[in-house]
Amino acid sequence: MPGLFDIININGLKLKNRLVMPPMATKMATEEGEVTEKHIKHYTARARGGVGLIIIEHTYVSKDGQMSPGQMGLYDDKLIPGCERLVKAIHKEGAKVAIQLTHAGAKASREITGKQPFGPSDIVPPKGSEAPRPLTVPEMNAIIKSFGEATRRALDAGFDSVELHGAHGFLLCQFLSPFTNKRKDEYGGDMIKRLRFPLEVIKEVKSKLGKNTPLFYRFPGDDMVGGGLTLNDAKLAAPHVEKAGVDVFDVSAGLSGSGHERFTQQGYFVPLAEGIKQVVKVPVIGVGNITEPEYADRIVREGRVDMVAFGHMLLSNPEFPRQAAEKLGVRVI
Ligand SMILES: Cc1cc2nc3c(=O)[nH]c(=O)nc-3n(C[C@H](O)[C@H](O)[C@H](O)COP(=O)(O)O)c2cc1C
C-alpha cells in the first residue's frame, strides 16, 4: 500500500504526496472578495513547506451567497486576475491548488448581503441569523449557473481543480440534510430528492471542468444534530454523488461547522472518511486534528483513507510536511 509521501494520480491531476491543506477561511480578502498580498504570502509559505495540494478557502459564487466579511469571491470575471496571481505563486513553490466554491444559502446574513437569507425551506440552520425563505426553482437554476460560471473562472485563473463545499451547513448541505430541507416538491423528501439540487450543481460544474480536471467534494459524513444526516444516510448518498462525477470525497461533518471547536482526538473524522471509503471507489481524504506523521502515514498505508488533510497543523507550522518526511525517513524531492 502507498504511504503519505507517495504520489497519487486523480483523473489527470498528479500530486507529489498525499498531504492536503484543507480549505480554511482567512478573512483576508477585500470587501469585493478579491485576493490580497496577504493571501499570497499565507498560501505560498504552506506550498514552500512541501504540502502536495492546497485547497483554497471557501469562496462565494454569487454575492447573495457570501457568508462573512473578508471572504474570497469568484462571482465576477474581475476576480480572475487576483486568483491567477495566487495560483502562479503557489505553483512556483511546487504545490497543486484547488479552490473551494460555496454558497451560504440560509446561513448568509442580511447584514452582509442586504437580503433575507434563502435556502431549501424556512428552517433556520444552526448558527443561522434569521428565518430564511424557501428558494423557487428558477432561483435554484440561477445558483446552479453561478457555480458553473465560478468554475469557468477558476479554470481561467489556472486552478488545478475545484472543490464544492457540500458540508458544514452551507447551501448544498442544507438541501441534503433532513434537518434543513423540508420541501414538498421534487427537491425535498427522501434522500434521492434531497440530493437532487447538489447533483444538479455537480453536473453543471463537471460540464465546465471537462473530463480531465478532477472535482473534489467536501462531503458531510454526519450532521451531528438530532434529526440530521447520519453516517448511514451519508453512505447511501455517497455512491450517487460519485456517479454524478465527483472524483474525491473530502469527508468532514457538522451541520453547524467543521467540528474543530469541539473535538481534539487525533483523526476525529477519520472513521467517517473510512465509512465513505467503504461505499465509493474514488479517493477519500481524512481530517480532524491530525498532527502525528506516523498516524497519518499509517491510515494511508492501511487503506483507511487515500489522503490526509492537516488544518491547524499547517496554520501553526507551514514546514510540517518537510519535517514529517524527515521523521518518517522519507526523502522528498
Ligand atoms: C480558521 C478555520 C477556517 C476554516 N474554514 C473552512 C472553510 O472555508 N471550508 C471548509 O470546508 N472548512 C473550513 N474549516 C475546517 C477545516 O478545513 C478542517 O476540516 C478543520 O480545521 C479540521 O482539521 P484540523 O483539525 O486539522 O484543523 C476551517 C477551519 C478553521 C480552523
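Among 121, 129, which is the only one that is modelled with pLDDT of 95 or more, in contact with a Lys or Arg (Cβ under 8 Å, 6 or more places away or on another chain) and hydroxyl-bearing (Ser, Thr, Tyr)?
The conditions single out 121.
With the requirement that a residue be assigned to a loop (DSSP other than H, G, I, E, B), open to solvent by 20 Å² or more (accessible area, probe 1.4 Å) and out of contact with any Ser or Thr (no Cβ under 8 Å at 6 or more places or on another chain), what does region 129-173 give you?
131, 136, 158
List the residue pairs whose Cβ atoms are under 6 Å apart, where the first residue sits in region 224-239 and is under 19 Å from residue 127 (Cα atoms), the second is of a type in the set (D, E, K, R) and buried (at least 19 other Cβ atoms within 10 Å of the Cβ), and the two are 6 or more positions apart or on different chains.
What qualifies is 229/223.
What number of residues within region 299-319 are surrounded by fewer than 16 Cβ atoms within 10 Å (Cβ to Cβ) and in a helix (DSSP H, G or I)?
Result for region 299-319: 4.
Identify, from the list 322, 262, the residue that is open to solvent by 50 Å² or more (accessible area, probe 1.4 Å), more than 10 Å from the ligand (Cβ to nearest atom), in a loop (DSSP other than H, G, I, E, B) and over 20 Å from residue 232 (Cβ atoms).
On the way: 322 fails: in a loop (DSSP other than H, G, I, E, B).
Among 322, 262, only 262 is open to solvent by 50 Å² or more (accessible area, probe 1.4 Å), more than 10 Å from the ligand (Cβ to nearest atom), in a loop (DSSP other than H, G, I, E, B) and over 20 Å from residue 232 (Cβ atoms).
Would you confirm, using the coordinates I've provided, whether residue 67 is assigned to a helix (DSSP H, G or I), more than 19 Å from residue 40 (Cα to Cα) and either open to solvent by 10 Å² or more (accessible area, probe 1.4 Å) or not basic (Lys, Arg) (or both)?
Details: assigned to a helix (DSSP H, G or I): no; more than 19 Å from residue 40 (Cα to Cα): yes; either open to solvent by 10 Å² or more (accessible area, probe 1.4 Å) or not basic (Lys, Arg) (or both): yes.
No; evaluated as a whole, the condition is false for this residue.
Suppose we filter 129, 62 for residues that are hydroxyl-bearing (Ser, Thr, Tyr) and touching a residue at least 40 places away in the same chain (Cβ under 8 Å); which single one remains?
On the way: 129 fails: touching a residue at least 40 places away in the same chain (Cβ under 8 Å).
Just a single option satisfies the conditions, and that option is 62.
The values are calculated or read from the model by the stated rules, or taken from the named source; none is laboratory data. As the structure is a prediction and not an experimental result, all values here were calculated from the model. So basically every Cβ, Gly included, is an ideal-geometry build from the backbone, and we count neighbours across all protein chains shown. The accessibility values were calculated without ligands, DNA or RNA, using every heavy atom of the protein model including side chains. Shrake-Rupley method; radii C 1.70, N 1.55, O 1.52, S 1.80 Å.
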